[in-house]
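Below you'll find the structure, written out as C-alpha cells, and then a few comments.
Readers should treat all values here as calculations from the given coordinates under stated rules, not as data from a laboratory. These numbers were taken from a predicted model, which means no experiment stands behind them. All Cβ positions, even for glycine, are placed from backbone atoms using ideal geometry, and neighbour counts span all protein chains on display.
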Amino acid sequence: MVGRGSVSEIVQDGFTVAIDGPAAAGKGTISRAVAAHFGFAHLDTGLLYRAVGRQVLAGIDPVVAAQALSPSDLADPGSLRSAAIAEAASKVAVIPAVRAALVDFQRAFARRTGGAVLDGRDIGTVICPDAEVKLFVTASPEVRAERRLKELRAGGFDTDYDTVLADVRARDARDGGRAAAPMAAADDAVLLDTSAMAVDEAVAAAIRVVATRR
C-alpha cells in the first residue's frame, strides 16, 4: 500500500484517489485495478446515478430516489449497465438537487480509513478537490464507442456502432455542458489518454502516478 508516508498514516488519515473522465474511457477498469493494487476501497460513483436513473425509469421522482438511495441499491452492478439506465443516469445527473443528495455519501466514502478510489465525472473538481491524487482518464469518442459497443454486446444488448457513437457524443455534450458540476479535468489532475493503450499499459501508468504521491 502506498500513501503519504506510511501504511499507518493512510489507515489513520485516509488517502483519496479521484479518477474522472468520460464514458468508456477506461476509468472504471483503471480505478478497480488501482484500488486492488494498493488495497484501497473503490466506489464507482456513476452507479449512484445509475441507481437513481433506474428508479426514475420505474416512475419515481429523481430527487426522492436520490434521497432514499441505500447501499442495497448498488448490490447488483450488472443490473445497472443497460443503455436505457445509462441514458437516464446522465439526465438525472444534471439535476442539482440529485447531485446534492449524493455528495455526502461520496465524501464520507472518500475519507474512509485505509484509502479510497472514487471514479466519476466530478470527483477531483467537486466531490474531492483535496484528493491526494487526481487522474483524468480519456480517449477519443470513436475508441470509446468501440469499447462501449463490445461491452453492450457482451451483455446481450442489440445495438450498432453508429448508435453507440452518437450516444457517446451526446453524453459528452450533456456531461460537459451541464450547469451543475460539469465534467472537467481538475487543474492539478494528471491526464491519461488511453486511446492507444492496452488495459495493462493504462493500469500501470495510473499506478505509477499514485505511487509518486506517497
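Per-structure values
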| quantity | calculated |
| --- | --- |
| Highest-fluctuation residue, Thr16, Thr45, Thr163 considered, GNM on the chain with Cα pairs under 10 Å | Thr163 |
| Stokes-Einstein D in µm²/s, Kirkwood radius over Cα pairs - the range 127-193 at 37 °C with 0.692 mPa s viscosity | 240 |
| At R0 = 25 Å, FRET efficiency that the Cβ-Cβ distance of Ser70 and Ala97 yields, to 0.05 | 0.90 |
| Shape category assigned to the chain from the gyration tensor of Cα positions, a/c cut at 1.5 | oblate |
| Three-way shape label, the range 102-158, alpha-carbon gyration tensor, a/c 1.5 | prolate |
| Selection from Val52, Leu165, Gly14 lying farthest towards where the dipole of the chain points positive, charges on Cβ | Gly14 |
| Estimated [θ] at 222 nm from DSSP helical runs (n ≥ 4, -39500 (n - 2.57)) normalised by residues in the chain, nearest 500 | -15500 deg cm²/dmol |
| Cross-link partners of Lys150 among lysines (Cα-Cα below 17 Å; sequence separation of 8 or more within a chain) | Lys27 |
| Nearest-0.05 FRET efficiency for Ala196 and Ala173, computed from C-beta distance (R0 25 Å) | 0.55 |
| Net charge of neighbours whose Cβ lies under 13 Å from the Cβ of Gln67, counting Lys and Arg as +1 and Asp and Glu as -1 | -2 |
| Cβ charges +1 (Lys, Arg) and -1 (Asp, Glu), total dipole of the chain, debye | 220 |
| Full-extension gain in nm, Ala180 to Ala84, via 0.36 nm per residue minus C-alpha separation | 32.4 nm |
| Where labels lie 7 Å past Cα in the beta-carbon direction, separation of Ala58 and Asp160 in nm | 3.4 |
